[in-house]
Structures are given as C-alpha cells and as structure tokens.
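S.K.: Input: one structure, supplied below.
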Amino acid sequence: MELEQVIQLLLSQFDFVSLPGLGSFVKRRNPAKVSDDRSSIEPPSEYYIFDTSRTFDDEAITNYLCSTLGIDHKEAELRVTQLVERVNNALSSRKPFEFPGVGTLLKDDNNNITLEFDASAAATESYGLSAIEVLPKQKADSKLTSPKENKNAAVAETQASSPLSTEQTTKIPTPKPAVAKKSRVRLWVPITACVVVVAVAVCWFTPALHFWEQSQTSVSPSTTDSTSSMASVGNLPLASAIPDSIVEEEDSQVPDSISASGQPNATDEGGAEKILEQTTSKKVALNYTEPPVIETGKSFYIIAGSFTSEVNAQKFLSELAEKGYKPTLIPRNKLYSVSLYTFSNRDRALRELERLKSEQTFEKLWLLSQ
C-alpha cells in the first residue's frame with residue numbers, strides 16, 4: 001500500500017496526521033443542519049484541512065509502518081522522509097499532490113499550502129446516517145372554529161340523525177360548578193379568629209365581666225365576720241370590747257400575791273419576783289433596742305503626718321487649721337504627730353478614716369489610739 005493511502009486510514013482513527021516539516025492533516029466535523037432549500041436535514045459529516053503550523057512529527061505514519069510492515073523505527077522514518085520530499089518537490093513545481101480519500105495539496109502564488117477537500121470521499125459512512133426529507137407544511141382550507149361552535153355543530157348533527165322531533169328532545173342541563181370546600185374552610189378560619197378577639201376584648205374592657213377579680217375578692221363568711229367583729233371591737237372601749245368570760249378567766253389566773261390595785265403583796269416576795277420577771281421579759285422582747293456604745297475612755301486620732309521637729313509639726317498644724325480641719329499636736333516617742341480629727345468612739349473614727357482615704361487628699365492616713 002502506498003503511503004498516500006495510509007493518510008486516509010490514519011485519519012479515520014486520529015484527528016491529526018503530520019507530514020514532518022510541511023504540516024498536518026486535521027479532521028474537522030460538521031454538525032447536522034437544515035439544507036439551504038429547507039427540504040431536508042443533512043446529517044453530521046467530516047472534512048479535512050491542512051494546518052501548516054503543525055510541522056512537528058507526531059510519528060503517526062512511522063508507528064503505523066512499524067506495526068503493520070514489521071520494520072524498524074529508522075527505516076519507517078526514512079520512508080516518511082521520502083514521502084515528504086516527493087510532496088515538497090511536487091508543490092515547489094506548482095503541481096498538485098493527491099492523497100486518495102482525503103484531497104489534493106496545492107501551493108498558491110504566495111507559497112501557502114492548502115488542501116482541496118475531496119467532497120465525494122467525505123467520511124459520512126462513519127456515522128451511518130443519511131439526509132432526512134422534510135414534508136412541506138399543508139395549509140388548512142377551513143378556518144379554525146371555536147369549541148362552542150364545534151359543540152353546536154355536533155348537537156345539530158345529532159338532532160338531524162335522531163328520529164325524534166326537536167320538540168321531543170330535551171335540553172341537557174349544564175352542571176353548575178361546585179364550590180370548593182377548601183375555600184369555605186379558608187373563610188371560616190379568619191372569621192373564627194375575629195370572633196375570639198372581639199370576645200376577649202369585650203371581657204377585658206368590661207369591668208362587670210371580670211370574673212377572675214370576683215373570685216379573688218370573694219372571702220369566706222367566717223373570715224368576713226371575724227374581720228368585721230375585730231373592726232367593731234377596735235372602735236369600742238377596752239373594757240367593753242373584751243368579753244366577760246375572758247375577763248373572768250384572767251381574773252381567776254391572777255395570783256394571790258397581787259392585790260386589787262395590781263401591785264404585788266409585800267408579804268409574798270417569791271410571787272412578786274416571778275411576776276416581775278415575766279413582765280420584764282415580755283417588755284424586753286417587744287421593745288428591743290440596741291445596747292448603747294460603751295466608751296472606753298481612750299481617744300482616737302486620725303494622723304496625717306509625724307515630724308521629728310516640733311517647728312515643722314506646728315507649721316503643718318497651721319496649714320490644716322486654715323483648710324478647715326480640727327488638728328491636734330500629739331507628742332510621743334520623740335515624734336510630733338498631727339491629727340486631723342479626734343474621736344472618743346472607735347467606730348466613728350474608723351468610718352471617718354475610710355471617708356478621708358476615699359477623697360485621696362493625703363498620701364498616708366492612719367488611726368492612733370491612746
């Protein structure tokens with residue numbers, strides 16, 4: 001087989017087949033399309049071009065010769081080189097070079113190599129498709145009629161073919177469209193919600209309907225009676241408010257050591273002590289007061305500074321007096337301390353010390369007791 005015929009066989013397997021130094025055959029595809037006269041649909045097809053920019057050796061022809069003829073790689077390359085020389089010589093002399101089933105290579109006046117595709121050898125058989133004819137569109141002779149006209153025509157034909165007269169034929173009532181149940185349900189939902197809202201609003205803004213308040217204010221008769229009786233007792237004198245039975249019981253419980261005037265008898269000392277103890281404990285429990293602060297006899301000074309020199313201490317004392325403090329000079333252990341205030345109660349002194357520290361007027365403040 002000539003190498004020219006090998007090109008068509010390789011293009012059926014690959015998209016590119018190169019002629020080293022000249023260019024490459026490239027396979028392209030056309031999609032299906034409608035013919036120019038719109039009478040048929042042409043199937044997809046293939047065609048070939050020659051790309052002079054792909055001059056590298058893809059070794060498609062070389063590998064085919066090695067695998068088919070069983071020759072070594074160098075000999076296959078030599079045969080490809082000889083084919084390229086023959087093609088180049090023919091094109092240089094302005095002669096066409098034909099590749100069966102592919103096309104003919106030509107060189108124009110500008111030395112551009114082109115491929116004249118052989119349309120008769122197009123590889124449509126690879127798809128196995130043929131053109132599809134399109135039937136011409138038929139125009140309708142009669143105008144389209146509406147569904148109502150078609151219905152009337154059908155009724156007229158039925159009446160004409162029926163042996164009954166037109167008077168005996170009865171009209172078939174047209175069914176009325178049924179109202180959908182879903183629409184009714186959708187209407188009831190907002191209506192029910194509006195009714196509930198209105199009922200709640202009426203109960204809320206009508207005081208007579210506040211049943212929950214009535215249940216809270218209702219009290220048992222016994223509680224009301226006891227409350228009213230206590231209120232009435234409060235308005236009466238003490239002697240009339242206390243029942244006689246209670247007075248009698250209390251009188252019966254009074255010990256003999258107490259006289260009619262309410263004072264304990266001098267002769268019975270034990271009974272007087274018991275009554276005095278009971279009375280004192282009750283009063284202490286009812287009238288509890290905090291115990292008074294016990295003074296210790298000490299003085300508490302808030303010291304603002306201490307000096308070894310009495311002159312400097314007196315100077316600092318004068319400055320404090322001008323600022324509104326009540327300073328005092330306290331000599332102790334060869335030092336002269338100057339206080340801002342003097343207190344006889346330690347708790348008050350501590351509270352004042354904390355207050356002065358929070359003002360941050362002096363660097364160091366401390367409490368001296370003596």
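Every number here is computed from the coordinates shown, using simple stated rules; none is lab data. In this text the structure is predicted, and so the values were computed from the model without any measurement. Don't worry about glycine lacking a Cβ; one is built from the backbone with ideal geometry, like all the others, and counts go over all protein chains shown.
S.K.: As a quick test, which of the pairs K74/K95; K298/K357; K74/K107; K315/K364; K27/K74 have an alpha carbon distance above 26 angstrom in this structure?
M.R.: Among K74/K95; K298/K357; K74/K107; K315/K364; K27/K74, the Cα-Cα distance tops 26 Å for K74/K95; K74/K107; K27/K74.
S.K.: Calculate one ³J(HN,Hα) per residue across segment 344-349 by plugging θ = phi - 60° into the Karplus curve 6.51 cos²θ - 1.76 cosθ + 1.60, and present them in order as whole Hz with x for glycine and proline.
M.R.: 9, 10, 5, 5, 5, 5
S.K.: From the Cα gyration tensor of segment 3-133, with a ≥ b ≥ c the square roots of its eigenvalues, which class applies: rounded if a/c is under 1.5, or else prolate if a/b is larger than b/c, or else oblate?
M.R.: Judged from the Cα gyration tensor, segment 3-133 comes out oblate (a/c at least 1.5, b/c at or above a/b).
S.K.: Can you list residues whose amide H is under 5 Å from F362's amide H, if they're 5+ apart or on another chain and H is modeled 1.01 Å from N?
M.R.: Hits under the 5 Å cutoff: none.
S.K.: Can you list residues whose amide H is under 5 Å from V134's amide H, if they're 5+ apart or on another chain and H is modeled 1.01 Å from N?
M.R.: Residues meeting the amide H criterion: S40, I41.
S.K.: Dipole of segment 300-369, Cα-centred, from +1 at each Lys and Arg C-beta and -1 at each Asp and Glu C-beta, to the nearest 20 debye?
M.R.: Taking the Cα centre of segment 300-369 as origin, the dipole is about 180 debye.
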